[in-house]
1. Kindly list the number of the only condition in (1) touching a residue at least 40 places away in the same chain (Cβ under 8 Å); (2) at positive phi; (3) open to solvent by less than 20 Å² (accessible area, probe 1.4 Å) that fails for N108.
2. With the condition kept exactly as written, say whether any residue in region 20-31 is assigned to a helix (DSSP H, G or I), modelled with pLDDT of 95 or more, among the charged types (D, E, K, R) and under 19 Å from R104 (Cα atoms).
3. Give region 37-58 a look and list any residue that's farther than 15 Å from A98 by Cβ and either part of a helix (DSSP H, G or I) or in contact with an Asp or Glu (Cβ under 8 Å, 6 or more places away or on another chain) (or both), or say none.
4. Quick check on region 54-72: of everything there that is of a type in the set (A, V, I, L, M, F, W, C) and surrounded by fewer than 20 Cβ atoms within 10 Å (Cβ to Cβ), which residue is farthest from V4 (Cα to Cα)?
5. Identify the single condition in (1) assigned to a helix (DSSP H, G or I); (2) under 11 Å from the mean Cα position of the chain (by Cα); (3) farther than 11 Å from V97 by Cβ that K61 does not satisfy, given that it satisfies every other one.
6. Looking at (1) under 20 Å from R50 (Cα atoms); (2) in a helix (DSSP H, G or I), which one does A84 not meet, given that it meets all the others?
7. Which of the residues belonging to region 73-88 are farther than 17 Å from C41 by Cα and surrounded by 13 or more Cβ atoms within 10 Å (Cβ to Cβ)?
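The values are calculated or read from the model by the stated rules, or taken from the named source; none is laboratory data. Bear in mind that the values here come from a model prediction, so they are computed numbers and not experimental data. Heads up, the Cβs are rebuilt from the backbone with ideal geometry, glycines too, and the neighbour counts pull from every protein chain shown. Each accessible area value is taken on the protein alone, full model and side chains, heavy atoms only, with ligands, DNA and RNA left out. Shrake-Rupley method; radii C 1.70, N 1.55, O 1.52, S 1.80 Å.
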Amino acid sequence: MNKVIFRILAVILLSIALVFPISPVLAENGARLFEVHCAGCHPNGGNIIRRGRTLQMRDLKKFRMDSVEAIGLIVTNGKGVMSAFKEKLTPAEIEEVARYVLQRAGVNWAK
């Protein structure tokens, strides 16, 4: 039941996000959240645990993780050795992180 509710919320948030682009404040928050919760294992879009599972666009596309929804689901529920963040981040924060990851992957994680 919780997965169904999350998926509905994710679709709603994604729909809203497509109509209203991410604001600079949300982008900054996504960067902050990534640094706190993700950068330890994914510095500069890499992956210190599983080298082939980076956050580079080629790998995101290869594993069909190149959308806000797909990234949001894995951040929420985790997968394999990756921890789930549904207890640590709100759905809005998860979306901010997912948008940040896609934005950075789109520029090859250049500063």
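1. (3)
2. Narrowing region 20-31 to residues assigned to a helix (DSSP H, G or I): 24-31.
Filter again for modelled with pLDDT of 95 or more, leaving none.
Within region 20-31 (the criterion being assigned to a helix (DSSP H, G or I), modelled with pLDDT of 95 or more, among the charged types (D, E, K, R) and under 19 Å from R104 (Cα atoms)), the answer is no, since none of the residues qualifies.
3. Result: P43, N44, G52, R53, R58.
4. Going residue by residue through region 54-72, those that are of a type in the set (A, V, I, L, M, F, W, C) are 55, 57, 60, 63, 65, 68, 70-71.
Add one more test, that the residue is surrounded by fewer than 20 Cβ atoms within 10 Å (Cβ to Cβ), and what stays is 57, 63, 70.
Values: M57: 28, F63: 23, A70: 15 Å.
Result: M57.
5. (2)
6. It fails just one condition, (2).
7. First, the residues of region 73-88 that are farther than 17 Å from C41 by Cα: 73, 86-87.
L73, K86, listed by residue number.
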